[in-house]
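Input: a single structure, listed below in C-alpha cells.
The values are calculated or read from the model by the stated rules, or taken from the named source; none is laboratory data. This one's a predicted model, so the numbers in the text were calculated from it and none came from an experiment. As a convention, Cβ positions derive from the backbone with ideal geometry for all residues, glycine included, and neighbour counts pool all protein chains shown.
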Amino acid sequence: MKPNNFNYVRAESVDHVLSCLAEHGENARILAGGQSLIAMMNFRLVEPAYLIDISGLDELKEIKTNGNSVEISAAVTQAKVIAAADVNEHLSLLVDALPNVGHFQTRAKGTFCGSIAHSDPSSEQPLCFAILGGEAVLKSNRGERVLAASEFQTGMLATAREDDELLTSVRLPKQNPSAGHAFEEITRRQGDFAIVAIAVIADGENIRIGVGGVAGKPEVRDWDGLADSDIDDALNALAWELGDNEDIHASAKYRRQMVRRVGRRVIEEARKCRS
Amino acid sequence: MPQLNQETKHKINFTLNGKAVSGYTEPRTLLSDFLRQEMALMGVHVSCEHGVCGSCTVQIDGKAVRSCLTFAVQVEGRAVDTVESLADENGELSDLQIAFRKHHGLQCGYCTPGILMSVEAFLEINPKPNEDEIREMLSGHICRCTGYTGMVKAIQDVVETR
Ligand SMILES: Cc1cc2nc3c(=O)[nH]c(=O)nc-3n(C[C@@H](O)[C@H](O)[C@H](O)COP(=O)(O)OP(=O)(O)OC[C@H]3O[C@@H](n4cnc5c(N)ncnc54)[C@H](O)[C@@H]3O)c2cc1C
Ligand code: FES
Ligand code: FES
C-alpha cells in the first residue's frame with residue numbers, strides 16, 4: 001500500500017529539528033532509517049502530517065567514547081554500529097546481538113537510536129539498551145533530559161519521550177572486560193523479530209539477565225551470588241513473571257519454556273566467557 | 001528548500017545509474033514507484049511494500065537498501081543504482097548475471113534484480129564471503145521459485161573468478 005500525504009522536512013541541523021518539533025510536535029514524526037516508520041506508513045498504521053528527516057544530518061552520525069561510556073548518535077546505522085572500533089572494543093554484546101536485527105539490506109539504513117525510540121518489545125536493541133543500563137539523551141527547545149533505560153522504556157512501543165523531544169543519542173556504559181556475556185534469540189527465520197531474546201552478563205558470581213519478546217518491554221533482573229542449583233528455579237519464576245502474551249508466532253507456554261531452556265544455555269555460555 | 005509541502009510536485013536532482021537526472025515527485029511517493037513510473041526503470045520490482053521481500057532493493061550511494069522504505073525526495077543529491085546499471089551499453093550481461101543464468105539462480109526472475117543489487121553491494125564489503133555469510137545476506141530476499149541453491153553457487157562462482 002501507499003502512504004498518505006505528509007509534508008517533508010529535510011532537517012538542516014539539530015536546532016532546526018527542535019524548532020520543527022516545537023511547532024508540529026504531536027503531528028510530526030522523526031524519520032531516521034525509515035525501516036519501521038515507512039513500513040507503518042505504507043500500511044497507514046501511522047499518518048503523520050510532518051516527517052522530519054534526520055538521516056542526512058552529519059552532526060548525528062557520530063559514535064564517541066567519553067570516559068566510561070560510548071555514545072551513539074541518532075543517525076548512526078546498525079551496520080555502522082556493528083563495524084565501529086569503539087563498539088567492538090567496549091560493547092561486544094552489540095556485536096553479537098545486532099547481526100540479528102533484520103537483514104544486511106535493512107541494517108544499511110535502520111538506526112540504533114531509531115529502534116530504541118520505536119521500542120518494539122521483540123527488538124534486540126532495546127534489550128541491549130536495558131541490560132547494559134544505558135541512558136537516553138533527549139533534547140527539545142525546553143532543554144535536555146537524560147533518562148536511564150528503565151525510566152525511558154515505559155511499555156510496548158511506548159517511551160517517556162515527549163512529542164517535542166528528539167532522541168539525540170544513546171549512551172552505553174562500557175562493558176567490564178572481565179565479565180562474560182552471551183546473547184541468543186529464537187526466531188522462525190534469520191532476520192525476523194525475536195520470539196524470545198535473551199542476553200546475559202556474568203560478572204564474577206553475579207548474573208544479570210535480560211529478556212525481550214515476552215513482556216511489553218525488555219525485562220532485566222540481577223541475580224547476585226545465586227547458587228548454581230537455584231538458577232532453574234529463578235528462571236522458572238522469571239518466566240511466569242513476564243506474563244502470558246500469546247500471538248501468532250508462539251503460545252505463552254512456549255515462551256515460558258524458551259525462557260527456561262534458552263535462559264539456562266545463555267547463562268552457561270556467559271559464564272564460560274568470563275576471564 | 002527544507003520543507004516540501006504535500007500534494008505538490010517537487011524537483012529532485014540525483015545521479016541515476018551513473019547519469020545526472022532530475023524529476024518531479026510528491027513527498028509521499030516511494031522511491032520504488034518513482035523509479036518505475038517516472039524513470040521507467042522496470043527492473044525495480046515491487047511486491048510486499050514493507051521491506052520484507054527484498055524485490056525492490058536498489059543501491060543508494062553504494063549501499064543495498066529497500067526502495068519501498070525510502071521516499072523519492074530522500075535521494076536528492078545521492079547516487080542511485082538499479083539492476084539496469086549492471087549490463088554494459090551493448091546489453092552484455094555482467095559476470096554476476098551470467099553466473100546466475102549458468103547456475104539456474106533464477107526461474108521467473110521476479111526476485112532477481114533486487115538480489116543482484118544486494119550481492120554487488122555485499123561483495124564490495126566482503127569480497128570473499130563463505131557460504132554462511134552468503135546465505136545470511138540472501139535472507140534479506142524472498143524467492144518463491146529457486147530454493148536459493150543456484151544463487152549461492154552463482155555467487156561462489158563470481159567470488160572465485162573475480
Ligand atoms: C524486513 C525487516 C526486518 C526487521 N527485523 C528486525 C529485527 O529483527 N529486529 C529489530 O530490532 N528490528 C527489525 N526491523 C526494524 C529495524 O530495521 C528498524 O531499523 C528499527 O526498528 C527502527 O529504526 P529506524 O532508524 O529505521 O527508525 P524509523 O523507522 O525511521 O523510526 C521508527 C520510529 O522511531 C521514531 N524515531 C526514530 N528516530 C528517532 C529519534 N532520534 N528521536 C525520536 N524519535 C525517533 C520515529 O518517529 C518512528 O516513530 C526490521 C525491519 C524490516 C523492514
Ligand atoms: S517491495 Fe520492498 S521489500 Fe518487498
Ligand atoms: S526466481 Fe521467481 S521469485 Fe525468485
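What pairs can you find where one residue is in region B:108-129 and farther than 16 Å from residue B:43 by Cα, the other is within 16 Å of ligand 1 (Cβ to nearest atom), and their Cβ atoms are less than 8 Å apart, with a gap of 6+ or different chains?
B:121/A:108; B:121/B:63; B:121/B:64; B:122/A:104; B:122/B:64; B:122/B:137; B:129/B:137
So in region B:14-39, with the set limited to residues that are free of Cβ contacts under 8 Å to residues at least 24 places away in the same chain and over 20 Å from residue A:42 (Cα atoms), which one is surrounded by the most Cβ atoms within 10 Å (Cβ to Cβ)?
Looking at residues that are free of Cβ contacts under 8 Å to residues at least 24 places away in the same chain and over 20 Å from residue A:42 (Cα atoms), I get B:39.
I'm trying to understand the selection: among the residues of region B:28-75, which are away from ligand 1 (no atom under 15 Å from the Cβ), in a loop (DSSP other than H, G, I, E, B) and under 18 Å from residue A:3 (Cβ atoms)?
If the condition is that a residue be away from ligand 1 (no atom under 15 Å from the Cβ), in a loop (DSSP other than H, G, I, E, B) and under 18 Å from residue A:3 (Cβ atoms), then B:28, B:29, B:38, B:44 are the ones that fit.
Of the residues that sit in region B:85-97 and are surrounded by fewer than 17 Cβ atoms within 10 Å (Cβ to Cβ) and either of a type in the set (Asp, Glu) or not in a loop (DSSP other than H, G, I, E, B) (or both), which one is farthest from ligand 3 (Cβ to nearest atom)?
It comes out as B:89.
Assuming residue A:132 fulfils every condition listed in (1) touching a Leu at 6+ places or on another chain (Cβ under 6 Å); (2) within 14 Å of chain B (Cβ to nearest Cβ) apart from one, which condition is it?
It is condition (2) that residue A:132 fails.
Pairs please, first residue from region A:1-12 and within 7 Å of chain B (Cβ to nearest Cβ), second anywhere and among the aromatic types (Phe, Trp, Tyr) and assigned to a loop (DSSP other than H, G, I, E, B), Cβ atoms under 7 Å, 6+ apart in sequence or on different chains.
A:1/A:43
For region A:192-219, which residues satisfy the criterion of being in a loop (DSSP other than H, G, I, E, B) and surrounded by fewer than 19 Cβ atoms within 10 Å (Cβ to Cβ)?
We begin by selecting, within region A:192-219, every residue in a loop (DSSP other than H, G, I, E, B); these are A:192-195, A:204-205, A:213-218.
If the condition is that a residue be in a loop (DSSP other than H, G, I, E, B) and surrounded by fewer than 19 Cβ atoms within 10 Å (Cβ to Cβ), then A:192, A:204, A:205, A:215, A:216 are the ones that fit.
Across region A:13-62, what is the number of residues that are out of contact with any Pro (no Cβ under 6 Å at 6 or more places or on another chain) and within 16 Å of ligand 2 (Cβ to nearest atom)?
9
Quick one: in region A:13-45, which of the residues that are over 27 Å from residue A:142 (Cβ atoms) and more than 8 Å from chain B (Cβ to nearest Cβ) is surrounded by the most Cβ atoms within 10 Å (Cβ to Cβ)?
My answer is A:41.
Kindly indicate whether residue A:51 is within 12 Å of chain B (Cβ to nearest Cβ), under 18 Å from the mean Cα position of the chain (by Cα), at pLDDT 95 or above and within 27 Å of residue B:5 (Cα to Cα).
So residue A:51 does not fit the description; no.
Do we find a residue being over 17 Å from the mean Cα position of the chain (by Cα) and surrounded by 22 or more Cβ atoms within 10 Å (Cβ to Cβ) anywhere in region A:66-78?
no
Within region A:101-113, track down each residue that is assigned to a helix (DSSP H, G or I), touching a helix residue (DSSP H, G or I) at 6+ places or on another chain (Cβ under 6 Å) and either among the basic types (Lys, Arg) or more than 10 Å from chain B (Cβ to nearest Cβ) (or both).
Of everything in region A:101-113, those that are assigned to a helix (DSSP H, G or I), touching a helix residue (DSSP H, G or I) at 6+ places or on another chain (Cβ under 6 Å) and either among the basic types (Lys, Arg) or more than 10 Å from chain B (Cβ to nearest Cβ) (or both) turn out to be A:107, A:112.
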